[in-house]
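The values are calculated or read from the model by the stated rules, or taken from the named source; none is laboratory data. Here the structure is a predicted model, which means the values were calculated and not measured. With ideal geometry, Cβ positions are generated from the backbone for all residues, glycine too; neighbour counts draw on all protein chains shown.
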Amino acid sequence: MHLAAEPDPPAAYAGALGGTATSLVDWYQVSAELPGFVGEPTYKGEQLLTWLPAGPLGSLIGPVGIFHAGFNMLSGLPVLDASSETELASRRPAELLLLSKTGEGFASALIELGPYRPILAKTAVLTKGTAVLHVWLVILRVYSRAPL
């Protein structure tokens, strides 16, 4: 069963009560770029999971929400814990999308993924105003059926 690991972050009511929603709009625009960055599946049934650092999602809720958040998400980047390894074995995703505000730990995560024969497919830093999102798309060759 896939339940939320934490409560939803508090709503940003300041934007509705005379504050500014600029940061929220920035994060929305960065999140909207992710499907184009990831691209279309290369075969029917191809799965993608997201992997991000442990802790509250905060402004990362929009970017991971694009890919169904908790259901398709691993936490604890850059270390795969037993739960994440079980999820990888069960779901057998062809791709992992690493996301964070800093990109810290991404290189270590790629090393951690060694048994899955990872290929770093592409990287980007998506920015808009105050929103900065580091993303790496990693192909897991042990699970991918796409020609490489």
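For this structure, a couple of remarks:
- Verdict on Thr102 being of a type in the set (Val, Ile, Thr) and over 26 Å from Thr42 (Cα atoms): yes
- Restricting the range 17-60 to residues that are part of a loop (DSSP other than H, G, I, E, B) and among the small types (Gly, Ala, Ser) leaves a set whose member that is farthest from the chain's Cα centre (by Cα) is Gly18.
- Selected residue (criterion: farthest from Val132 (Cα to Cα)) from residues of the range 16-57 that are among the hydroxyl-bearing types (Ser, Thr, Tyr) and modelled with pLDDT of 90 or more: Tyr43
- Of all residue pairs spaced 6 or more apart or on separate chains, those with beta-carbon atoms under 7 Å, a first member in the range 70-84 that is crowded, with 17+ Cβ neighbours inside 10 Å and a second member that is aliphatic (A, V, I, L, M) and part of a helix (DSSP H, G or I) are Met73/Val64; Leu77/Ala109; Pro78/Ala109.
- Within the range 58-117, if we keep just the residues that are in contact with a Lys or Arg (Cβ under 8 Å, 6 or more places away or on another chain) and at pLDDT 95 or above, the residue that is nearest to Trp27 (Cα to Cα) turns out to be Ala94.
- Just so you know, in the range 98-140 the residues that are among the basic types (Lys, Arg) and more than 18 Å from Ser84 (Cβ to Cβ) include one that is surrounded by the fewest Cβ atoms within 10 Å (Cβ to Cβ), and it is Lys122.
- Residues located in the range 86-103, provided they are without any contact (Cβ under 8 Å) to a residue 24 or more places away in the chain and either touching a Pro at 6+ places or on another chain (Cβ under 9 Å) or polar (S, T, N, Q) (or both): Thr86, Ser90
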